[in-house]
Number of protein chains: 2
Amino acid sequence: MQSAPSIQKLLDELERLPGIGPKSAQRMAYYILNTDSDAALRLAHAIEEVKDTVRFCTQCFNYAEADLCEICASPRRDKSAICVVSEPRDIPPIERTGVFDGVYHVLGGALSPMEGIGPEDLHVAELMGRLSSAEVNEVVIATNPNIEGETTATYLARLIGPLGILVTRPASGLPVGGDLEFADELTLGRAIEARREI
Amino acid sequence: MQSAPSIQKLLDELERLPGIGPKSAQRMAYYILNTDSDAALRLAHAIEEVKDTVRFCTQCFNYAEADLCEICASPRRDKSAICVVSEPRDIPPIERTGVFDGVYHVLGGALSPMEGIGPEDLHVAELMGRLSSAEVNEVVIATNPNIEGETTATYLARLIGPLGILVTRPASGLPVGGDLEFADELTLGRAIEARREI
């Protein structure tokens, strides 16, 4: 290819993004080349800023710009209900449903004997710490409705059950085997409202 | 939404990219958040570098990092054949076919009476300048096979004809009404090989 080296470099980097093939990368690169410098640099700076300022919430392991994420820091959130998710990306879809006003706990993955991921690789100990020190009434386990997510939910339910805390799971309605991240708001909202004890 | 401000800013900027909706932007943002800083900053720097170093070739108006683009500067390219295209993004698909070893001329658009775009808004004068000063035997007019592109091709053919230079156009085979940018290599290659005088 005859592209200028800097354009080729941009294409290479864009193609690394998830779901971006050569044609999409080319469209994006030409957009960046054509657009005014301000707009292009705003994107570059947004990437730099995010890598510079975003870290993990010390309490729930969601993405945060301070010690605590905006949800943990909010006085309006109900600290007696904790929703356990695998990844930070699972939080925005739940927030958009508007039916959960508690706080979160991000495990950082899911149990997977196949891949050798055990409880010690996840933020399970930190969750148990939160449950022992805070007045928590309910733990909603919103791990993905696939094998790893179900395994994780069952494991956590057994671990938390003896503490006398209600452990629930979003109701069926989520397509089995799918990713929670891509569920539509109505389905996910109904599933959380109809959550059941496990 | 509860996203950290810097994450929201990144999402906003990603959504400005062509073909990127909210869900794609979110996937890309979480990839950027999850990936190591080096990889994310390489993308940011590639955007900055491209805006910093890329300008237009003073001869053909393709993207370039020096006065001349890599094609105009190459001693291996046949300077007696000029392929006229609307935009720089039309050059890579033609290059990939491997059937054209001449040089290019980018018009910077196409004639459009509807949008008030006339010859004076395109690099037509510069093309005529190249034709009068250099030993050019053939001009291949590879504007898009849509109304504006055909109008531009006809206009240029009339303008160049009196100079005694062969004027050709890629053969049919390109889907009419489509964008040259997205043509597959085989079709586009055959169309250029079977180009006809107009």
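If you scan region B:65-77, which residues turn out to be assigned to a helix (DSSP H, G or I) and within 10 Å of chain A (Cβ to nearest Cβ)? Selection gives B:E70, B:I71. Among the residues of region B:56-82, those identified as of a type in the set (S, T, Y) and touching a residue at least 12 places away in the same chain (Cβ under 8 Å) are B:Y63, B:S80. When residues in region B:150-168 are screened for being of a type outside the set (G, A, S) and closer than 19 Å to B:L122 by Cα, 10 of them pass.
Checking each residue in region B:27-55 for being more than 7 Å from chain A (Cβ to nearest Cβ) and touching a residue at least 12 places away in the same chain (Cβ under 8 Å) picks out only B:A29. Of all residues in region A:5-16, those that are within 7 Å of another protein chain (Cβ to nearest Cβ) and among the small types (G, A, S) have Cβ atoms under 9 Å from Cβ atoms of residues that are in a helix (DSSP H, G or I) and buried (at least 21 other Cβ atoms within 10 Å of the Cβ), 6 or more apart or on another chain, in A:S6/B:A46; A:S6/B:V50. The test for being more than 7 Å from every other protein chain (Cβ to nearest Cβ), part of a helix (DSSP H, G or I), in contact with a strand residue (DSSP E or B) (Cβ under 8 Å, 6 or more places away or on another chain) and more than 30 Å from B:F182 (Cβ to Cβ) does not hold for A:C60. Scanning region A:21-57 for residues that are over 18 Å from B:H45 (Cα atoms) and part of a helix (DSSP H, G or I) gives A:P22, A:K23, A:S24, A:R27. What helices (runs of 4 or more DSSP H) completely inside region B:78-197 contain at least 2 residues that are crowded, with 17+ Cβ neighbours inside 10 Å and of a type in the set (D, E)? It comes to B:147-160. The single condition among (1) under 30 Å from B:D90 (Cβ atoms); (2) open to solvent by less than 60 Å² (accessible area, probe 1.4 Å); (3) more than 7 Å from chain B (Cβ to nearest Cβ); (4) of a type outside the set (D, E, K, R) that A:P22 does not satisfy is (2). Per this entry, B:I91 is not counted among residues that are more than 10 Å from chain A (Cβ to nearest Cβ) and not basic (K, R). Within region B:25-39, if we keep just the residues that are small (G, A, S) and surrounded by fewer than 21 Cβ atoms within 10 Å (Cβ to Cβ), the residue that is modelled with the highest pLDDT turns out to be B:A25. Filtering region B:118-130 to residues that are free of Cβ contacts under 8 Å to residues at least 24 places away in the same chain and of a type in the set (A, V, I, L, M, F, W, C) leaves only B:A125.
Within region B:131-155, residues that are without any contact (Cβ under 8 Å) to a residue 24 or more places away in the chain have Cβ atoms under 9 Å from residues that are outside any loop (DSSP other than H, G, I, E, B) and surrounded by 21 or more Cβ atoms within 10 Å (Cβ to Cβ) in these pairs: B:E150/B:R169, counting only partners at least 6 apart in sequence or on another chain.
The values are calculated or read from the model by the stated rules, or taken from the named source; none is laboratory data. Small disclaimer: the values here were computed from a predicted structure and weren't measured. Cβ atoms come from the backbone with ideal geometry, glycine included; neighbour counts cover every protein chain shown. Accessible surface areas use protein heavy atoms only, side chains included; no ligands, DNA or RNA. Shrake-Rupley method; radii C 1.70, N 1.55, O 1.52, S 1.80 Å.
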